[in-house]
Amino acid sequence: MEYIRILKNQHVEILELVNELSASLTDKKISQNLPETYKLLSKLSERLHIHLKTEDNTLYMDLLENSDEKNKELLNKFSKDASSLSEIFTDYLKRWPDVLIIQQRADEFIFNTEQIIGLILDRIYNEENILFPHIE
């Protein structure tokens, strides 16, 4: 399935951004490179949004129409999890709307960002190791 290849390529891009963002999450690096960290966050937001929309518009739409009940159950679970991740990430971005707020509350930003990164990594792991093998 072509869209699974596309989604896997998107995972690679997201993981690269997550790794760069994660590497910037120290007090020293945050204070020295805050504009760059914010740019990484913006890029990650864009890529994650595209990825989740691609899933909705291709994977779930196509497979939910043509699957048995067992597959539909799994797809519905992943679809709901994607919606949840999207909402959590949106709330996270609202909490950190600009560089000044991040600078004022750097420790909290680092903690929240590490939590978000964990959710994204879990999501990618589950897609790569549960969802995609199940439907390929």
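Remarks
- Charge context of Thr90, other residues only, Cβ under 14 angstrom, K/R +1, D/E -1: 0
- Entry note, the chain: the mean residue ellipticity at 222 nm calculated from DSSP H runs of n ≥ 4, each adding -39500 (n - 2.57), is -26500 deg cm²/dmol after division by the residues and rounding to the nearest 500.
- Residues of the range 86-106 with amide N under 17 Å of a point placed 7 Å along Cα→Cβ from Ser31: 100-106
- A Gaussian network model of the chain, with springs between Cα atoms under 10 Å, assigns the largest mean-square fluctuation among Leu119, Leu63, Leu34 to Leu63.
- The share of C-alpha pairs in the chain whose separation exceeds 21 Å stands at 43 percent.
- Fully extended contour minus Cα-Cα distance, from Leu100 to Ile50, at 0.36 nm per residue: 15.3 nm
- Relative to the longest principal axis of the Cα atoms of the chain, the long axis of helix 2-23 lies at roughly 20 degrees.
- Full-stretch length increase - Met1, Leu15 - with 0.36 nm per residue and alpha-carbon distance subtracted: 2.9 nm
Throughout, read-outs are computed from the coordinates displayed, never taken from laboratory work. All values reported here derive from a predicted model rather than from experimental measurement. Using ideal geometry, Cβ is built from the backbone for each residue, glycine included, and neighbour counts are taken over all protein chains shown.
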